[in-house]
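The values are calculated or read from the model by the stated rules, or taken from the named source; none is laboratory data. Computed from a predicted model, the values in this text were never measured in an experiment. Neighbour counts are summed over all protein chains in view; Cβ atoms, including those assigned to glycine, are modelled from backbone coordinates with ideal geometry. For accessibility, only protein heavy atoms count, side chains too; no ligands or nucleic acids. Shrake-Rupley method; radii C 1.70, N 1.55, O 1.52, S 1.80 Å.
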Amino acid sequence: MNTPSVRPRWEDLPNDVRANVQARLGSPVVEVSYPEGGFTPGLALRLRCADRSEVFLKAADLALPMASHYRAEAVVGEHLPSVIAPELWWSVESHGWIVNAFEAVLGGEPELRPGPADLPGVLDVVGSLERELTPCPAPVGEAGETLSLLAGHWERLAAAPAGPDAWRTARRAWLTEMDDRDLLVKAAAGDTLVHCDLRADNMLVDAERVRVLGGSWSGVGGCGVLRPSADPCRSQPGQSGGRARSARTGVAGGRSESREHVRGGDHRLLSWHQVHGPGGGLGAYRGRAAQAGRRWIDYRLS
Ligand SMILES: Nc1ncnc2c1ncn2[C@@H]1O[C@H](COP(=O)(O)OP(=O)(O)O)[C@@H](O)[C@H]1O
Ligand SMILES: [Mg+2]
């Protein structure tokens, strides 16, 4: 499991905000539980009320830059059908905080390993992202803008004092070809609401289906990829055929070459952050994801 940032707890919410939430819930909170996953430093918790109803809350102090992620989640969440994502029940900004209330799902992170367990459900939800979200229903920016952030990292990595390692040197031609901002933006063109951060830890599987979380990076575009799993044992290239392969190379629309550009860029971004980004739980996650990306690239080029 990923190490989450240190998140505020229920009792850390200002009294007025807690009272506002309580009033909206209409029944006293009797139990609070905290998930292990996620990477933003905002509040994320499950509340159970005296009338046995449950809700999942995400909240952030509006003074913090990451509050914009929670705002974006509220904007996108309004347009996601409940087959795709836990329903957004309400979002409110009051007393300097934003609070988003979602349907609470009793589930865990899906396994991306090929096999009968979670992968078919993951592929179903990724497929329905394109079906249900074209034309793009939400007022979001261009996915190309987000995806263009993936460009340029290979050049920076290659220019770093340590230089490229043997693995990067061996794949220099492919990595360089993929490191083109214009191609990335072109690859991202389309009219679908694209999540841009599809990973196992942004999904929840319960007894019925797999659902997608978040969406603060969403934009309008045509090309989504499933990012490499953080857990090396969950992403084993070359194990089996068609459907499993498409889960690793990314689905959700776009031509396969476009997806390769995005995938290659994603790997470079993660590699860059692995070397130059913050350490801690997030750094460790990025390191594992970059390794998974290497295995994907080896598989792709083999
Ligand atoms: N609607 C929900 N119901 C139940 N658990 C949820 C729900 N939304 C998120 N979670 C849990 O909270 C964790 C963090 O959620 P996520 O939205 O990914 O946070 P972050 O934006 O910080 O990455 C998830 O890994 C999951 O375990
Ligand atoms: Mg997340």
Matching option when the condition is modelled with pLDDT of 65 or more, on the phi < 0 side of the Ramachandran plot and either within 16 Å of ligand 1 (Cβ to nearest atom) or under 21 Å from the mean Cα position of the chain (by Cα) (or both), among Val262, Val194: Val194
Matching residues, the range 50-84, being over 25 Å from Val6 (Cα atoms) and within 11 Å of ligand 1 (Cβ to nearest atom): Ser82
List the number of the failed condition for Val99; all other conditions in (1) within 16 Å of ligand 2 (Cβ to nearest atom); (2) assigned to a strand (DSSP E or B); (3) β-branched (Val, Ile, Thr) hold. (1)
If you go through Glu36, Glu31, Glu73, the only one that is outside the structural domain of Asn202 (by TED's automatic domain parsing) and part of a strand (DSSP E or B) is Glu31
Residue within the range 68-85 that is open to solvent by 50 Å² or more (accessible area, probe 1.4 Å) and in contact with a helix residue (DSSP H, G or I) (Cβ under 7 Å, 6 or more places away or on another chain) present: yes
